[in-house]
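Take this structure, written in structure tokens, and hold onto it; I'll ask about it next.
The values are calculated or read from the model by the stated rules, or taken from the named source; none is laboratory data. From a predicted model like this one, the values you see are computed outputs, not experimental measurements. With ideal geometry, Cβ positions are generated from the backbone for all residues, glycine too; neighbour counts draw on all protein chains shown. All accessible areas refer to the heavy atoms of the entire protein, side chains included, with ligands and DNA or RNA removed. Shrake-Rupley method; radii C 1.70, N 1.55, O 1.52, S 1.80 Å.
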Amino acid sequence: MIPTPHINVSEQGVIAETVLMPGDPLRAKFIAETYLENPVQFNSVRNMFGFTGTYKGKKVSVMGSGMGMPSIGIYSYELLNFYGVKNIIRIGSCGAIQEDVKIRDIIIGMSASTTSNYASQYNLPGTYAPTASWPLMKKALTIAENKAIPVKVGNILSADIFYDDEPEVWKRWARMGVLAIEMEAAALYMNAARAGANAICILTVSDSLVSHEATSAEERQTSFTNMMEIALELA
Ligand code: HPA
């Protein structure tokens, strides 16, 4: 089944067992060029750039996921099921929906509630709870503690809709203690669970639906160093 329709790699071993996945393929390029030794590009299909290099001697890949669950669903499925990937670390941004979650805070999604019906494909007789991998979570928390980087861990919302017809619908998720909104984690967690692999989602808060503050696009591209350092150590 390789190459896959969306990843133009014909050999096993070109993609590392651990893949960092930012949403933006240009951020994947930036991470590869900034943090990895000897990065080699392995994918450019649809400009969804992917690179493999080493970080402190360990082989690691970084590839864009695109925005939304259909997109990360496709790329993570192909990585996990056709390229032997064992760990996917999503690094992304989110919108805070709690007063005490501030812009530039780091959030780790312990669980991902969702407005998507991605889970319907599994025909479960109930409601699935997409959950981060415990080994990755435990290690991420140790790394954050050792680096004295504060993180907030909890339930996040993977939404299908960015521009909601009911603009304050997020308040209902906030009442349930959900920390922030993004658009990919739930599908990633489900794909990893189904494949018997590990996934975790580490986010920086780019904007707040509560305070209406936002970080600039440039800050989103370059200033999320703490999140990237946790992710790279985790790899
Ligand atoms: N909603 C969904 N995804 C996001 C947001 C948001 O407010 N901010 C960053 N990613």
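Which count do you get for residues in the stretch 101-127 that are more than 16 Å from the ligand (Cβ to nearest atom), more than 14 Å from the chain's Cα centre (by Cα) and outside any helix (DSSP H, G or I)?
Residues meeting the conditions: 6.
OK, next. If W134 satisfies all but one of (1) surrounded by fewer than 19 Cβ atoms within 10 Å (Cβ to Cβ); (2) touching a helix residue (DSSP H, G or I) at 6+ places or on another chain (Cβ under 8 Å); (3) among the aromatic types (F, W, Y), what's the number of the condition it fails?
The single condition W134 does not satisfy is (2).
If you scan the stretch 7-22, which residues turn out to be open to solvent by 20 Å² or more (accessible area, probe 1.4 Å) and touching a strand residue (DSSP E or B) at 6+ places or on another chain (Cβ under 8 Å)? Walk me through it before giving the result.
Within the stretch 7-22, the first condition is being open to solvent by 20 Å² or more (accessible area, probe 1.4 Å), and the residues that meet it are 8, 10-14, 17.
Passing the criteria: N8, V14, E17.
Then there is this: Can you name every one of the helices (runs of 4 or more DSSP H) wholly within the stretch 128-235 that holds 2 or more residues which are of a type in the set (A, V, I, L, M) and within 16 Å of the ligand (Cβ to nearest atom)?
By residue number, 185-195.
Of the numbered conditions (1) within 15 Å of M190 (Cβ to Cβ); (2) within 16 Å of the ligand (Cβ to nearest atom), Q98 satisfies every one except a single condition; which is it?
(1)
When you scan the stretch 77-95, how many residues do you find that are touching a Leu at 6+ places or on another chain (Cβ under 9 Å), away from the ligand (no atom under 16 Å from the Cβ) and of a type outside the set (K, R)?
Within the stretch 77-95, the subset touching a Leu at 6+ places or on another chain (Cβ under 9 Å) is 85-95.
Filter again for away from the ligand (no atom under 16 Å from the Cβ), leaving 85-89.
If we keep only those that are of a type outside the set (K, R) as well, we get 85, 87-89.
Residues that pass the stated criteria total 4.
Let me ask another. Here is a list: Y83, Y35, Y77. Which entry is touching a helix residue (DSSP H, G or I) at 6+ places or on another chain (Cβ under 6 Å), open to solvent by less than 60 Å² (accessible area, probe 1.4 Å) and at negative phi?
Numbers: Y83 fails: touching a helix residue (DSSP H, G or I) at 6+ places or on another chain (Cβ under 6 Å); Y77 fails: open to solvent by less than 60 Å² (accessible area, probe 1.4 Å).
On inspection, the qualifying residue turns out to be Y35.
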